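Notes follow once the structure below has been shown.
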Amino acid sequence: MIEKRNMTDIIDRLNAQGIADYEYDLGICKAATEEIRRLRGVNHDLLEALERIVEFNRQTARDKYGDPNVAETWACVITARAAIAKAKGEADNGR
């Protein structure tokens, strides 16, 4: 791992060699890394919401029809399950 002090030395040497944009590029990389972390958190929250929607619909089917599996034929559950599988990188069996 490069220590911060060593990284500063590297940047100073690169700037002296006429590569002034290197420090700017490091800032972009840092911003991109932070955005990736933020989006992973958003993705996690959205996945949890989709899973709750599926469970709410299964409970509705259980209450209304006595069988929670009835909800698995409902468009909202099918769509939510496809989105969950895609987000988790699972194979989409129907396409």
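Every number here is computed from the coordinates shown, using simple stated rules; none is lab data. This one's a predicted model, so the numbers in the text were calculated from it and none came from an experiment. Note that each Cβ is placed from the backbone with ideal geometry, even for glycine, and that neighbours are counted across all protein chains shown.
Observations on the structure shown:
- Qualifying residue in the stretch 69-79 (condition: on the phi < 0 side of the Ramachandran plot and either in contact with a Gly (Cβ under 6 Å, 6 or more places away or on another chain) or surrounded by fewer than 10 Cβ atoms within 10 Å (Cβ to Cβ) (or both)): yes
- Pairs with Cβ under 9 Å, 6+ apart, first in the stretch 30-51 and under 21 Å from A85 (Cα atoms), second exposed (fewer than 10 other Cβ atoms within 10 Å of the Cβ): L47/K88
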